Amino acid sequence: MIDANEDIVNLGEQFVAPKGFELEYAVSTTYNLDLNALLLLPLAAFSDSELDDIAETGQIEKFRMLHKSKGKFKFYCQRGKTDVVSRNSKFYPFVDQYIHEIILEDGKRSFHPKVTVIRFSKIDDKKEFFYRIIISSKNLSLSRNRELGFVSEGRLEGKPTRNSSLTEFLLYLNSKASQSEQIPLNFINGLEKVR
């Protein structure tokens, strides 16, 4: 059972790679998506400083981090639920490419999962990697609501595991995107062998 006092998840912190690793690829789903919140995730993933210091990071350094993030993220949300921001930012074009809006086939239901799957690879050995899976309660926004969740990490086992529901979900997301915008199959296939 989730404990409201103990199981608090900061999604930004989950995108930070452990020492010696770097974020290789990430997929995240939400109902509605705030561009300002989305912008923080690639910055968190590729920042050399603490998350609290990102706001003070200079523009050139932010551009460097966003350039490193190119092609490493996919964010899925309900169609029409990408929040329009009140002020324009020169950084939004970097993250706009990561957004994919989903509409369910019958048009009567909402796309509402809040699941994130991240793969980290070892900096000096790209064949060594692990996955982090986050199931959270909050949409991708800057609201100050408490975010409850579950975080799990696992490495490849070499034999298939019981992750078929999650891999089927990622393949479903691929069916909603053009071939050039799909989640890489090696990301999905690797997940099938993670315990």
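Residue pairs whose Cβ atoms lie under 7 Å apart, sitting 6 or more positions apart in sequence or on different chains, and linking a residue in the stretch 15-38 that is over 22 Å from residue 188 (Cα atoms) to a partner that is open to solvent by 10 Å² or more (accessible area, probe 1.4 Å) and assigned to a helix (DSSP H, G or I), are 35/92.
Pairs only if they're at least six apart or on different chains, beta carbon under 6 angstrom, first in the stretch 184-195 and open to solvent by less than 80 Å² (accessible area, probe 1.4 Å), second modelled with pLDDT of 95 or more and assigned to a helix (DSSP H, G or I); list them, first residue then second. Every condition considered, the pairs that remain are 188/170. May I ask you to verify whether residue 167 is modelled with pLDDT of 90 or more, surrounded by 17 or more Cβ atoms within 10 Å (Cβ to Cβ) and out of contact with any strand residue (DSSP E or B) (no Cβ under 6 Å at 6 or more places or on another chain)? Yes: the conditions hold for residue 167. Annotation: of all residues in the stretch 105-124 being more than 13 Å from the chain's Cα centre (by Cα) and at pLDDT 85 or above, the one that is farthest from residue 9 (Cα to Cα) is 124. Of the residues making up the stretch 111-143, those that are open to solvent by 40 Å² or more (accessible area, probe 1.4 Å) and either in a strand (DSSP E or B) or farther than 19 Å from residue 38 by Cβ (or both) are 122, 123, 124, 125, 126, 127, 128, 135.
Scanning the stretch 166-187 for residues that are within 18 Å of the chain's Cα centre (by Cα), closer than 16 Å to residue 113 by Cβ and in a helix (DSSP H, G or I) turns up 166, 167, 168, 169, 170, 171, 172, 173, 174.
This table checks each residue for (1) in a helix (DSSP H, G or I); (2) touching a helix residue (DSSP H, G or I) at 6+ places or on another chain (Cβ under 9 Å); (3) at pLDDT 85 or above; (4) surrounded by fewer than 22 Cβ atoms within 10 Å (Cβ to Cβ).
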| position | (1), (2), (3), (4) |
| --- | --- |
| 1 | no, no, no, yes |
| 4 | no, no, no, yes |
| 12 | yes, yes, no, yes |
| 17 | no, yes, yes, yes |
| 24 | no, yes, yes, yes |
| 28 | no, yes, yes, no |
| 31 | no, no, yes, yes |
| 37 | yes, yes, no, yes |
| 40 | yes, yes, no, yes |
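For the stretch 146-162, does any single residue satisfy the condition of being under 28 Å from residue 62 (Cα atoms), out of contact with any Gly (no Cβ under 7 Å at 6 or more places or on another chain) and modelled with pLDDT under 85? Yes; the residues of the stretch 146-162 include at least one that is under 28 Å from residue 62 (Cα atoms), out of contact with any Gly (no Cβ under 7 Å at 6 or more places or on another chain) and modelled with pLDDT under 85.
The values are calculated or read from the model by the stated rules, or taken from the named source; none is laboratory data. In this text the structure is predicted, and so the values were computed from the model without any measurement. FYI the Cβ positions are ideal-geometry reconstructions off the backbone, even for glycines, and counts take in every protein chain you see. Quick note on the areas: whole protein, heavy atoms, side chains included, nothing else; ligands and nucleic acids left out. Shrake-Rupley method; radii C 1.70, N 1.55, O 1.52, S 1.80 Å.
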